[in-house]
Structures are given as structure tokens and as C-alpha cells.
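**Student:** First, the structure itself, so that you have it in front of you.
The values are calculated or read from the model by the stated rules, or taken from the named source; none is laboratory data. In this text the structure is predicted, and so the values were computed from the model without any measurement. Don't worry about glycine lacking a Cβ; one is built from the backbone with ideal geometry, like all the others, and counts go over all protein chains shown. In case anyone asks, the SASA skips ligands and DNA or RNA and just uses the protein heavy atoms, side chains included. Shrake-Rupley method; radii C 1.70, N 1.55, O 1.52, S 1.80 Å.
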Amino acid sequence: MRLSRPARRAHLVIHVVASAGWLGLGVGLLALGVTANTTASPAAVEASVRAMKLLADRLVLPFALLTLTSGLVLSLGTPWGLARHRWVRTKFWLTLATTTATAFALRPGVDAAAAAVTAGHPLPDGGDVLVGPVVSLSAYVLVTVISVLKPWGPTRRGRCPRAGARGPGRGEPARV
């Protein structure tokens, strides 16, 4: 199934906006995590961690899922395919892994830190609010670089259909 040109463009816009939003949320979470770890003010720590909780609970996972879904639709509905190019496959697996880590590591870590700080306790472990954003932001940047550079060629599956679609090879006479 191939997407029509207007549908492909619409899905591409959705994918780029969702991906940029997810990247921006990662930067925001990192800034809030650094603030929570470096400030001496308990009020600033609480405000930073509560803001992180709000972003992690309400926005990060929906943006992650929208990025994953729109990328999947684009890969299946365009000639790029999901298994035809190594860079597409790598992006898919990194996005899936980062989405999973967001749901099962980042959010629970931020939730635990927010619960402790809201209860009046000090920040239990600064790593809870720093490691998740650092790892996820690194993955988002890597996926963005892969999207722009498209560093790897086609897979074996991607080379097969292309061989017949090309014109005559070097040294071959043109068929008339």
C-alpha cells in the first residue's frame, strides 16, 4: 500500500512535528533535572520535579507514541519501507526502545522523585531526574542525525526490488 502524495505529506508533517516536540520535551526535562540537582532551594527543587512530572505524565509518552506511529505509517506507505533500508530499521528500533524506556523507566523515576519531594523529603537520587532525560535526549539526537544523513544503504531485501527497477547497468547495452 502506498500513500498518496497529499497523505504522505500530511503524515510527514505530523511525524516531523511530533519528533521535534519529543526532542524539545527531552531538552526541557533535562533543563529541569539539572535545576533540581544543582539548586539549593527546596522550593526550586520541588517546582522543577513537579514540572518534570507534568511533562512526563501528560506530554512525553503521547509525543513518543505519535512519533512511533507516524514513522511506522510513513515507512510502510512509502518506497522507503520498514525493512528496505538499514537507517529506517535502525530509526524504528531506536524509537521503539526509547518509547519503551520512556514508559517504563523515565516516567516511574520522575514520579518517584516527585512523590518524595512533594512529601517534603529531599530529592532521593539525582540520577532519577537526570539519567532518563540524558539517555532519551541522546537517543532523540541520534535518531535525528540518522534521519538527516541516512547513513546506511539498503538491506538485502531493499536491494532485490531495486535491481530490476534500475535501467541498464554499466557496460550493458540499452534494450530497445
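**Student:** How large is the charge dipole for the chain, taken about the Cα centre, if only the Cβ atoms of Lys, Arg (+1) and Asp, Glu (-1) carry charge, to the nearest 20 debye?
**Tutor:** It comes to approximately 1680 debye.
**Student:** I'd like to know which of 109, 25, 69 lies farthest towards the positive end of the charge dipole of the stretch 5-121, counting +1 on Cβ of Lys and Arg and -1 on Cβ of Asp and Glu.
**Tutor:** Value: 69.
**Student:** I've got another one for you. Do the sum for the chain: with -39,500 (n - 2.57) for every DSSP H run of n ≥ 4, divided by all residues, what is the mean residue ellipticity at 222 nm, to the nearest 500 deg cm²/dmol?
**Tutor:** On the way: 7 runs with 127 residues, N = 176.
Taken over the chain, the calculation gives -24500 deg cm²/dmol.
**Student:** Okay, moving on. Determine the share of the stretch 1-95's accessible area contributed by carbon and sulfur atoms, expressed in whole percent, with a 1.4 angstrom probe.
**Tutor:** So the carbon and sulfur contribution to the accessible surface is 72 percent.
**Student:** Taking the Cα-to-Cβ direction at residue 3 and at residue 76 and moving 7 Å from each Cα, how far apart do the two end points lie in nm?
**Tutor:** Reported label-point gap for residue 3 and residue 76 is 1.2 nm.
**Student:** How far, in nm, would the chain grow between residue 145 and residue 39 when pulled straight, counting 0.36 nm per residue and subtracting the alpha carbon separation?
**Tutor:** 34.9 nm
**Student:** Kindly report the accessible area of the stretch 1-58 per residue (heavy atoms of protein chains, probe 1.4 Å, no ligands, DNA or RNA), in Å².
**Tutor:** Spelled out: the 1.4 Å probe surface of the stretch 1-58, per residue, equals 58 Å².
**Student:** If I build a Gaussian network model for the chain, linking alpha-carbon pairs within less than 10 angstrom, which residue out of 107, 156, 89 has the largest mean-square fluctuation?
**Tutor:** Looking only at 107, 156, 89, the largest GNM fluctuation is found for 156.
**Student:** Now, a different point. Compute the acute angle (0 to 90°) between the alpha-carbon long axis of helix 156-165 and the principal axis of greatest extent of the alpha-carbon atoms of the chain; round to the nearest 10°.
**Tutor:** On a 0 to 90 degree scale, this one is about 40.
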